Amino acid sequence: MATLLPPPKRQKSNYAKSLEKPVIVEAENIPSIVVQFKSSEDGSNLGPAINLPADTGRDALQMLVNKLRGETEDPLPYAFHLVPKTPSTSTSPQSARVQINNSIQLDALKVSGTTFSPEDVFELWCEPQAVFRVRSVGRCSATLSGHSSPILCCAHSPTGKYAATGSGDATARIWDMETGTPKSTLSGHKGWVLCVEWDSRENILATGGHDGQVRLWVPSTGQPHGQPLLGHTKWITSLAFEPLHLVPSNSPSPRLASASKDGTVRIWNTSTRKLEFVLTGHAASVNVVRWGGEGVIYTGSSDRTVKVWSAVDGKLIRTLNEHAHWVNTMALSTDFVLRTGPFDHVGKVPKDDDEAKALALARYKNVISTHPETLITGSDDHTLYLWPDQASSSFSSTATPKKPMARLTGHQKQVNHVAFSPDGRMIASAGFDNAVKIWEGRTGKFIASLRGHVAAVYRVAWSADSRMLVSASKDTTLKLWNLKTYKIRIDLPGHTDEVYCVDFVADKVVSGGRDKTVKM
């Protein structure tokens, strides 16, 4: 007998609220300040100095800057900071900058020991947050046939040069994205190819099959990278490579985690192709595995639990059991950075492995500097849970890592897929209830529901600048959503049957489905 939850408290109606006595707040006097916006790129002034109330919020400041720059059509997000003045008498070096998260009043004037006073002219430095913008996807530029049965999975390489697809015809194929042509066919599996995964240097492609084998390939030649990795007794459900910045400098390539229906996760050394250790402990199929940037491995399983393991020795750190049904999907807020490794939107190619590691580490540090790595899990119990950072909380005493930060309810049916936006600010989840829902990435608060699909939504994928979302559905369409209005931006028809997989890179979307064709 399932436990019945008590009905939620009734919200007060507006009429009842209007009868309540208004609470009179003592108004503190807000000083008026003079603000000079400066561009952090070249140090130039953005327009004249402006007189503002000191409690002007960050959103209003962003609006002002966009107005000054004439970016009203598609405003850019900005981060603001002040550089404190050092009195001429003091010998201390230039103090650190003050980040403005709420308003100048709260972050600069109200802080104890502040050097700011309302009389100053505040030089507010503006940093654009999204430095680049992804072109909108409009038409189907290529339809590639070649697979002889439905396409079950697809993944972009970190640079976006290639896409890999795995199919029910027991082959995986690599496609060249720039020319829209087939590059190589990887055959060797004895059954369906259920998952494909790139390492973040684009040197190895791993495929997992229904035959319980994990195979490694060299993408540039399409040749097998040594013998297949054998050991699983049932089919492979999910693969994850070790993040580049965690790979020890003496090892030539990252390790690989493979999750299987047999309830185990195996960690392989991809250069020697030896098994390093097996994570056992799940009582049923492991549906998804993720390798976090802090050296922990997350696994979600049909035994209704999520387990957190140490990637060093494979010890179980803790088990998260809140879900009431199978755990189908999970995502890390750092997924995008870990997946693309050293390659960012500038397109610079690292010279050697060490530089690549340094770049990958810098990008990762940049992402977690604002918010630690968080985990979101989605399940057949129609809910999602947002979990706090699982790695560092073993060192800090305040957070209780076993408690989820939020329970995200709203889906009417099973949750199929969940993905964090690359900047970690939003989460998109797709379900069998035909809806895509958008949540806040930090708090898990519900933002919007994207309606438009007429059948179950299988997958969602974000654009690299976190401005667009594409979803793939059983109703044979892909839909591109506008995240300012939460309406359909463009419908991408063309498939003749269910679309099983989709991935978004640069300004291209790759999709594959039951009609055996890849479209981009």
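The values are calculated or read from the model by the stated rules, or taken from the named source; none is laboratory data. In this text the structure is predicted, and so the values were computed from the model without any measurement. Heads up, the Cβs are rebuilt from the backbone with ideal geometry, glycines too, and the neighbour counts pull from every protein chain shown. These accessible areas exclude ligands, DNA and RNA; they are computed on the full protein's heavy atoms, side chains included. Shrake-Rupley method; radii C 1.70, N 1.55, O 1.52, S 1.80 Å.
So with the 1.4 Å probe, I'd like the accessible area per residue for segment 215-270, rounded to whole Å². Please report the intermediate quantities before stating the final value.
Working: 2080 Å² over 56 residues.
It amounts to 37 Å² per residue over segment 215-270.
Using only the heavy atoms of the protein chains and a 1.4 Å probe, how would Phe446, Phe432, Phe37 rank by accessible area, largest first?
On the way: Phe446 115, Phe432 80, Phe37 0 Å².
Heavy-atom accessible area, descending, gives Phe446, Phe432, Phe37.
Sort Lys413, Lys261 by accessible area with a 1.4 Å probe, largest first. Don't jump to the answer; show the numbers that get you there.
Numbers: Lys413 105, Lys261 75 Å².
Accessible-area ranking of Lys413, Lys261, largest first: Lys413, Lys261.
Quick check: with the 1.4 Å probe, what order do Tyr15, Tyr500 take by accessible area, largest first? Working shown, then result.
Numbers: Tyr15 160, Tyr500 60 Å².
So, going from the largest accessible area down, we get Tyr15, Tyr500.
As a test question: what accessible area, to the nearest 10 Å², does Lys315 have when a 1.4 Å probe is rolled over all protein chains in place?
Ignoring ligands and nucleic acids, Lys315 comes out at about 130 Å².
5 Å is the cut-off here: which amide hydrogens, built 1.01 Å from N in the peptide plane, fall below it relative to Ala435, excluding neighbours closer than 5 in sequence?
Those qualifying (amide H under 5 Å, at least 5 residues apart or on another chain) are Val457.
Post the alpha-carbon centroid distance, segment 254-299 to segment 172-218, in whole angstrom.
19
How much length would be gained if the chain were fully extended between Ser220 and Gln36, taking 0.36 nm per residue of separation minus their Cα-Cα distance, in nm to one decimal?
Values: separation 184, 0.36 × 184 = 66.24 nm, distance 5.21 nm.
Gain on extension, Ser220 to Gln36, equals 61.0 nm.
For Lys234, list the lysines whose Cα falls under 24 Å from its own Cα; do not include residues on the same chain fewer than 8 positions away.
Lys234 reaches Lys190, Lys261, Lys274, Lys307, Lys315.
In whole percent, how big is the carbon plus sulfur part of the accessible area of segment 426-520, probe 1.4 Å, protein atoms only?
Carbon with sulfur: 52 percent of the solvent-accessible area.
Using the crude model of +1 on Lys and Arg Cβ and -1 on Asp and Glu Cβ, and no other charge, please compute the dipole size for segment 224-368 relative to its Cα centre, in debye to 20.
220
Run the numbers for Ala324 and Phe277: contour at 0.36 nm per residue of separation, minus the present Cα-Cα distance, in nm. Write down the numbers at each step before the final one.
Values: separation 47, 0.36 × 47 = 16.92 nm, distance 2.91 nm.
Gain on extension, Ala324 to Phe277, equals 14.0 nm.
Of Lys183/Lys365; Lys38/Lys445; Lys12/Lys110; Lys479/Lys516; Lys357/Lys445, which sit over 25 Å apart, Cα to Cα? Present the calculation step by step, with values, prior to reporting the outcome.
On the way: Lys183/Lys365 35 Å; Lys38/Lys445 33 Å; Lys12/Lys110 35 Å; Lys479/Lys516 19 Å; Lys357/Lys445 35 Å.
From the list (Lys183/Lys365; Lys38/Lys445; Lys12/Lys110; Lys479/Lys516; Lys357/Lys445), the Cα-Cα distance tops 25 Å for Lys183/Lys365; Lys38/Lys445; Lys12/Lys110; Lys357/Lys445.
For segment 282-325, give the magnitude of the charge dipole about the Cα centre (Cβ charges: +1 Lys/Arg, -1 Asp/Glu; no others), in debye to the nearest 20. Display every interim value, and only then the final one.
Values: 5 positive and 4 negative charges, 7 e Å.
It comes to approximately 40 debye.
Carbon-plus-sulfur fraction of the accessible area of segment 181-325, 1.4 Å probe, in percent? Could the numbers behind the result be given before it?
On the way: 2670 of 5450 Å².
Reported share for carbon and sulfur atoms: 49 percent.
Please calculate the 1.4 Å probe accessible area of Lys161, with all protein chains present, and give it to the nearest 10 Å².
Per-residue accessible area (Lys161): approximately 80 Å².
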